[in-house]
1. Please verify whether Lys72 is among the basic types (Lys, Arg), more than 16 Å from the chain's Cα centre (by Cα), farther than 25 Å from Ser139 by Cα and surrounded by fewer than 17 Cβ atoms within 10 Å (Cβ to Cβ), treating the condition exactly as stated.
2. Among the listed residues Met1, Met35, Met11, which satisfies the condition of being part of a loop (DSSP other than H, G, I, E, B) and in contact with a strand residue (DSSP E or B) (Cβ under 9 Å, 6 or more places away or on another chain)?
3. Restricting the range 94-107 to residues that are open to solvent by 20 Å² or more (accessible area, probe 1.4 Å) and either part of a strand (DSSP E or B) or not hydrophobic (A, V, I, L, M, F, W, C) (or both), which is nearest to Lys2 (Cα to Cα)?
4. Listed residues Lys27, Lys41; which is part of a loop (DSSP other than H, G, I, E, B) and among the charged types (D, E, K, R)?
5. Is one or more of the residues making up the range 140-148 within 18 Å of Val25 (Cα to Cα), of a type in the set (Lys, Arg) and at pLDDT below 95?
6. Quick check on the range 175-187: of everything there that is more than 16 Å from Glu56 (Cβ to Cβ) and among the small types (Gly, Ala, Ser), which residue is surrounded by the most Cβ atoms within 10 Å (Cβ to Cβ)?
Amino acid sequence: MKKVGVFLSRMQPIHNAHLWMIQNVLKDNDEVLVMIGSANKFGTERNPLDINLRKELVKSALIEKFGQEYDKKIKIIEFPDWSSEENNDDKEWGRLIYYNVVGNMGVKEFSYYCSEDIDMIKGWFEEELRQRINFRFFSRNNEFNGLSATKVREAILNNDDEYVKKYCPKEVFERKNFIKEAIKSIA
């Protein structure tokens with residue numbers, strides 16, 4: 001049976017910690033499902049970038065990192081967020097994630113990779129589903145000094161080109177002015 005790894009993130013925008021996570025998922029698995037979260041939310045402080053731009057940036061970054069044929073092992077899907085930000089511990093949220101993975105990858109057991117509160121994430125899933133998921137936690141604080149998309153957006157707004165160039169894929173750096181305008185338009 002093929003080994004599948006799953007990585008869910010909003011990628012507002014994608015940065016090097018995201019790519020590092022995807023690379024780790026790829027090392028451990030035959031195939032990777034990258035779920036771009038909150039696909040239906042944009043134009044807010046937390047989700048300033050629309051899904052089309054995010055997906056474009058993710059694809060460009062994966063090509064840059066893994067080559068043109070990245071999609072032979074990595075599948076990207078848009079994943080909507082139907083809940084409020086405060087209500088993501090709901091078991092229905094976990095079922096939605098689980099059945100999207102099953103439907104897209106054709107497996108009932110997989111590894112779920114995260115860099116956030118592992119106990120909170122485990123709490124999304126009922127016991128029966130938790131038994132089918134291997135939860136893998138990586139601390140981006142240890143690897144990237146707490147790098148986050150929020151810090152990247154702040155650097156873009158503050159014209160900190162050095163930070164953006166250091167911590168983001170080339171495509172994000174090249175499109176930083178467009179991203180900046182998108183962020184400023186919601187302020």
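The values are calculated or read from the model by the stated rules, or taken from the named source; none is laboratory data. Because the structure is predicted, anything quoted here is derived from the model rather than measured. With ideal geometry, Cβ positions are generated from the backbone for all residues, glycine too; neighbour counts draw on all protein chains shown. Ligands, DNA and RNA are excluded from the accessible area calculation, which covers all protein heavy atoms including side chains. Shrake-Rupley method; radii C 1.70, N 1.55, O 1.52, S 1.80 Å.
1. Yes, satisfied.
2. Numbers: Met1 fails: in contact with a strand residue (DSSP E or B) (Cβ under 9 Å, 6 or more places away or on another chain); Met35 fails: part of a loop (DSSP other than H, G, I, E, B).
The conditions single out Met11.
3. Per the criteria, the residue is Gly106.
4. Lys41
5. Yes; the residues of the range 140-148 include at least one that is within 18 Å of Val25 (Cα to Cα), of a type in the set (Lys, Arg) and at pLDDT below 95.
6. Restricting to residues being more than 16 Å from Glu56 (Cβ to Cβ) and among the small types (Gly, Ala, Ser), the top hit is Ser185.
Each row is one residue, and each column tells you yes or no for (1) surrounded by 15 or more Cβ atoms within 10 Å (Cβ to Cβ); (2) in contact with a helix residue (DSSP H, G or I) (Cβ under 8 Å, 6 or more places away or on another chain); (3) β-branched (Val, Ile, Thr).
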site	(1), (2), (3)
Glu109	no, no, no
Tyr112	yes, yes, no
Ser115	yes, yes, no
Met120	no, no, no
Phe135	no, yes, no
Asn145	no, no, no
Ala149	yes, no, no
Glu154	no, no, no
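Residues checked against (1) without any contact (Cβ under 8 Å) to a residue 60 or more places away in the chain; (2) aromatic (Phe, Trp, Tyr); (3) assigned to a helix (DSSP H, G or I):
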{"position": "Pro48", "(1), (2), (3)": "no, no, no"}
{"position": "Arg54", "(1), (2), (3)": "yes, no, yes"}
{"position": "Leu57", "(1), (2), (3)": "no, no, yes"}
{"position": "Ser60", "(1), (2), (3)": "no, no, yes"}
{"position": "Glu64", "(1), (2), (3)": "no, no, yes"}
{"position": "Gln68", "(1), (2), (3)": "yes, no, no"}
{"position": "Asp71", "(1), (2), (3)": "yes, no, yes"}
{"position": "Ile76", "(1), (2), (3)": "yes, no, no"}
{"position": "Trp82", "(1), (2), (3)": "yes, yes, no"}
